[in-house]
2 protein chains.
Amino acid sequence: MPVTIRDVARASGVHISTVSRTFSAPHLVNPETRVRVLACAEDLGYRPNRAARALITGRTHNIGLIIADIANPFFPPLIKAAESQARHRDYHVFVADTNEDAAAEEELVHALAKQVDGVLLCSPRMSNSLIEQLSREVPLVVVNRQLAGLPCVLMDVGQGARSAIEHLAGLGHREIALLGGPRGSWTSRELRRAAGAAARAAGAELTVLGPNPPTETGGLAQAEQVRRAGVTAVLAYNDLMAIGLLEGLDALGVRVPQEVSVVGVDDISLSRLTRPKLTTVATPTAAAGRTAVDMLLQQDTDFPRTARGGGATVAVGVRRTTAQVMLQTELVIRDSTGPGPYAGRERPGTAAVGPGPHRRADPGNPVVAAGDVVAS
Amino acid sequence: MPVTIRDVARASGVHISTVSRTFSAPHLVNPETRVRVLACAEDLGYRPNRAARALITGRTHNIGLIIADIANPFFPPLIKAAESQARHRDYHVFVADTNEDAAAEEELVHALAKQVDGVLLCSPRMSNSLIEQLSREVPLVVVNRQLAGLPCVLMDVGQGARSAIEHLAGLGHREIALLGGPRGSWTSRELRRAAGAAARAAGAELTVLGPNPPTETGGLAQAEQVRRAGVTAVLAYNDLMAIGLLEGLDALGVRVPQEVSVVGVDDISLSRLTRPKLTTVATPTAAAGRTAVDMLLQQDTDFPRTARGGGATVAVGVRRTTAQVMLQTELVIRDSTGPGPYAGRERPGTAAVGPGPHRRADPGNPVVAAGDVVAS
DNA sequence: TACTTCAATGCAAAGGTTTGCAGGTAGATC
DNA sequence: GATCTACCTGCAAACCTTTGCATTGAAGTA
């Protein structure tokens, strides 16, 4: 029932190879023939069967998107941007959800490998060595995790954490808690590292609470701990946890920001809707999705998977680009942070605060400039 | 480089057809042979090439998910549930975003048709006749829209609107506004119809404002109109608009619920996080995703697309199931609705309020019983 | 006129899999 | 011991497309 290249060939009185060329190498066919074939194809509603094409060209024109949790509001903007970018380049996108499960990630890469030209691994939870191994099966681009030798799209959460800590220290906070993210998260480690260093530099003490599930519940569950820890400010792994914490503190009767200041990470759309509005480190999620797709497709055109020559399939070397892109983050100051107990006093150790973060106009959708290539 | 059925055949010393049968018809192959083949396949890491398989069986084991706007928080839970359900049944899922654009919807169905066994059309914006036409090209299941002769998964927003209006009328509101959704939305029409009838029955007056884009901005932009309309309660097309309205009213200094009550639709996770917490009509989004996938796959097994018989491809009749499922909604009363100007007074026309909606324990994720089949 | 050149088209193999049919072997039955 | 019956396996065609090579014919050159 579906119309094939053969139907078009019959209708336009040419061989199927001519029809094929009309689409994939138009300059090789006589203009008159071309218009005739095109007309017939249009008439019959012919669309090349991409699967059949993939069988011989080795390129499916599909990519895979593996996501830890679609329902986590951090991801939809990334998915949307990636899908849009891919489709502009005539690629279709498989989306799969792993429920934050490393085993599911591996299984999905295997399952998708034959059907795609590459896979975007978003905030993967599996081990570095496994990712490396899988990258030999199918081209991979990793988002939100740094791996030597693999193309990565990163957000500079380290810088973000520094800004956040400096902001808090500048407000007079000295006892700060970090709500860690899930085990296996690169972002969480990075945050911890940078926040720890920044706290030391600012003469503040950092207490790490976690690991925690990266959800509202995860944040809510730590409210009690936060109060008990006696800190006056908290940096959370992400906005969702920060929002959960806001709820938890509210339930405990702890006022934000009067008693405790809270900072999130991501700047998801909800963070403007809480009361108080959340101070947070904005990450360029959409840009990350676009960039990752670009890198994957670039890689794909640089090193095609197979090339046919006279019937013999020639396997091409497995060299790969390994560019790593770091996208900038930005501290967005809203209403969940306020003066701490040391407000106004001279900070011990350091002299001045340096160029602090600016208060942002808060246009909702941060437009982020193209990222800086930090390695290649 | 990728390992094929031929490699496995060579390694295990059998013909490729035996390998094929080991996977797709195990009962036809000798148990000893089977284990040997399986072992070799495991060893080599063989995975059948689904595209090649699809070429001959006519079933791709993929489905398509066409979404108006992935970033709209209504959809991610639906996508997540659909993807999970599909993968349980060994299907992979293409996800595509149309940006609320009808033309993009059509193009996507065409583009995906050859690569999937069916498409889920979520809240489509195109015309009924076009949908019907497309359904002849590829099996379709429509979510959030009712079409005669096509399988649909609906949420009973009519009932939801009724509950909401009755709730508001019961609180003493007589001047109510409805913030309409986007043009072409079945849900919006349904809401308007049911809300209008319920308002009439309750002796209240309903003012329709719209159509509007189904976003926070869409709601925010109507705040001024709402105030000017002099209503004391508003039912919004969805939570996003309701939240935007909340913001807008706050900016205008209008207190909710003291001066104006607001009700949303969907019960997205944000609606528990606004201040005041949003009263809303909960729609069983995840259940809709699961159900829609089930219907699509059911349809697919009932009426396979092609069947081979000795080399001749036999086109099978195009009969289809047209079951329509209506899922129940539930009014969740939170803090954005309060007494209106007629509170306590006898309602004109009607005698009593009937069994009003109950205050819900608010467990976050409404578990909804299997839907009622209303037609087949 | 004879030869080369080039553009346009056809031919056929290949890609990985499924599946109807036919062949082969072994056990059971009489 | 011959015949029948299962069971298992191999053969080859088919799915739809791409592409290197061969073929054709016309235009250009000497």
- prompt: Which entries of A:K114/B:K80; A:K114/B:K114; A:K80/B:K80 show an alpha-carbon separation above 19 angstrom in the structure shown?
  reply: A:K114/B:K80
- request: Over chain B, calculate the relative contact order: mean separation of alpha carbon pairs under 8 Å at least 6 apart, over the residue count, as a percent.
  value: 17 percent
message: Taking 22 Å as R0, compute the FRET efficiency from the Cβ-Cβ separation of B:T33 and B:R6 and round it to 0.05.
response: 0.85
query: Based on the mean of other beta carbon atoms within 10 Å per residue, what is the order of B:291-298, A:94-101, A:157-164, B:234-241, most packed first?
result: B:234-241, A:157-164, B:291-298, A:94-101
message: I want to check the label-to-label distance for B:A102 and B:T217. Put each point 7 Å from Cα in the C-beta direction and report it in nm to one decimal.
response: 2.2 nm
statement: Mean per-residue count of partner chain Cβ within 10 Å for A:267-273 equals 4
query: Just from its helices, what would the mean residue ellipticity at 222 nm be for chain B, if runs of 4 or more DSSP H residues each count -39500 (n - 2.57) and the sum is divided by every residue, rounded to the nearest 500 deg cm²/dmol?
result: -12000 deg cm²/dmol
- line: Within the protein assembly as shown, the percent of DSSP beta bridges that are antiparallel, given to the nearest 5, stands at 25 percent
query: Inter-copy label distances at B:D90, 7 Å along the Cα→beta-carbon direction, one decimal in nm, shortest first?
result: 3.3
field: All lysines inside 20 Å of B:K277 as judged from Cα atoms, apart from same-chain residues fewer than 8 positions distant
entry: A:K277
Highest-MSF residue in chain A out of A:N72, A:N212, A:N49 [GNM, Cα springs under 10 Å]: A:N49
message: Can you list the copy-to-copy distances for B:P211, using a point 7 angstrom from Cα toward Cβ, in nanometres, shortest first?
response: 4.7
- line: Among beta bridges assigned by DSSP with both residues in chain A, the antiparallel ones amount in percent, to the nearest 5, to 20 percent
message: Show me the trypsin sites (Lys or Arg not before Pro) within region B:176-223 that DSSP assigns to loop and that have at most 16 other Cβ atoms within 10 Å of their Cβ.
response: B:R183
- prompt: For the protein assembly as shown, what class follows from the C-alpha gyration tensor (a ≥ b ≥ c being the square roots of its eigenvalues): rounded when a/c is under 1.5, otherwise prolate if a/b is larger than b/c, else oblate?
  reply: oblate
message: Quick check for me: using +1 on Lys/Arg Cβ and -1 on Asp/Glu Cβ, what's the dipole size of region B:5-48 about its Cα centre, in debye to the nearest 20?
response: 120 debye
Qualifying trypsin sites (Lys or Arg not before Pro) for region B:95-139 [loop in DSSP, other Cβ within 10 Å: at most 11]: B:R136
task: At 1.4 Å probe size, with no ligands or nucleic acids counted, give the accessible surface of A:M155 in Å², nearest ten.
output: 0 Å²
query: Where the label is 7 Å out from Cα toward Cβ, how close does B:R136 come to the same position in every other copy, in nm, shortest first?
result: 5.3
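The values are calculated or read from the model by the stated rules, or taken from the named source; none is laboratory data. This one's a predicted model, so the numbers in the text were calculated from it and none came from an experiment. Positions of Cβ are generated from backbone atoms using ideal geometry, with glycine treated the same way; all protein chains shown enter the neighbour counts. Only protein heavy atoms, including side chains, enter the accessible area calculation; ligands, DNA and RNA are left aside. Shrake-Rupley method; radii C 1.70, N 1.55, O 1.52, S 1.80 Å.
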